[in-house]
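No value in this document is a laboratory result; all are computed from the given coordinates. Values in this document were obtained by computation on a predicted structure and should not be read as measured data. No Cβ is skipped: glycine too gets one built from the backbone with ideal geometry, and neighbour counts run over all protein chains shown.
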Amino acid sequence: MSGTTFDLGQFTQVSSAVEKALPQALAGLDPKKVINSLEGKGEQLEGLLHGIFETMLTPPSVTEEAKIEPTIIELGEFTANYGETIAEKLAGNDDPKRISWHNRDWATDEKFPDVRTGKKRYKASAVCFRKAMPDEDVAGWCVDNKKVRATPKEGIGLALVSPRPKLDNVMPLALAGQFLVGAGGDRDALYFHRNGDKRHLNNVWLRMDVQWSDDWWFLVLEELPSGT
């Protein structure tokens with residue numbers, strides 16, 4: 001039988017440990033009956049001890065956390081124009097199927113400044129985890145999957161080229177790539193939601209100790225190579 005080879009010192013330690021443990025393990029049993037029951041069973045006893053040592057030497061298994069498998073809906077490609085302000089984007093919208101109403105106090109460049117310029121091409125997706133999620137876990141999933149969460153400029157840009165009924169099945173849709181953080185650590189983000197047959201742009205308040213509920217969708221982006 002294969003197994004670990006012990007030197008004399010290790011064998012002495014094991015023998016001493018077994019000798020100390022046996023009286024407690026066999027308490028209440030007749031020693032003569034135990035000896036008689038072991039006669040002729042040396043091979044079985046060897047196998048039993050070998051199994052015990054194997055268990056002692058085997059490190060405990062680590063239970064892997066279940067991999068997060070969200071629902072993902074592809075929304076197509078679009079170009080984000082960072083040269084336009086949020087105000088300019090909203091003022092240029094004349095189609096209520098794109099954005100029929102926006103919160104004028106919150107959908108502003110002052111609350112969500114973005115100093116980037118130029119244009120970038122993105123592949124857009126909506127992701128829903130179907131369970132309550134801490135914001136840091138949502139962010140972590142994006143990092144692991146090489147995606148970024150959309151900012152207000154990017155989300156508004158997508159909405160303006162995606163009139164209803166596009167996006168209707170991924171509401172409420174959070175633009176959680178940028179937050180306005182309050183003094184106490186609470187955060188606000190912009191999001192799209194349906195109000196009957198209209199698409200609204202509003203703000204959502206996320207307290208520090210509150211998770212995103214299981215019905216939230218997140219607009220996530222994957223940057224495409226220039227020229228595509």
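Seen from all sides and averaged, what is the projected area of the convex hull of the Cα atoms in region 123-212, in nm²?
Numbers: hull surface 24.8 nm².
Seen from a random direction, the Cα hull of region 123-212 projects 6.2 nm² on average.
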Ratio to report: Rg/Rh of region 73-228, with Cα atoms as the point set and Rh obtained by the Kirkwood method; give two decimals. 0.93
Tell me the net charge near GLU222. Cut-off is 14 Å between Cβ atoms, GLU222 excluded, with +1 for each Lys or Arg and -1 for each Asp or Glu. +1
Near LYS146, which lysines are there with a Cα under 21 Å away, not counting those fewer than 8 places off in the same chain? LYS67, LYS119, LYS120, LYS123
Work out how far the C-alpha atoms of region 164-228 reach from end to end along every principal axis, then list the three figures in whole Å, largest first. 42, 36, 19
In the neighbourhood of ASN195 defined by beta carbon distances under 15 Å, the net charge of the other residues (Lys, Arg +1; Asp, Glu -1) is +4
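State to the nearest 20 debye the size of the charge dipole of region 124-228 about its Cα centre, where the only charges are +1 on K and R beta carbons and -1 on D and E beta carbons.
On the way: 13 positive and 14 negative charges, 81 e Å.
Result for region 124-228 is approximately 380 debye, rounded to the nearest 20.
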What does the charge count around PRO163 come to, taking other residues whose C-beta lies under 14 Å from its C-beta (Lys +1, Arg +1, Asp -1, Glu -1)? +3
Treating region 97-143 as a set of equal point scatterers at the Cα positions, no solvent, please give the Debye-formula log₁₀ I(q)/I(0) at q = 0.14, 0.16, 0.24 Å⁻¹. -0.70, -0.91, -1.07
Candidate cut points under trypsin sites (Lys or Arg not before Pro) in region 125-224, DSSP loop plus at most 16 other Cβ atoms within 10 Å of their own Cβ, are ARG130, LYS131, LYS146, LYS166, ARG207
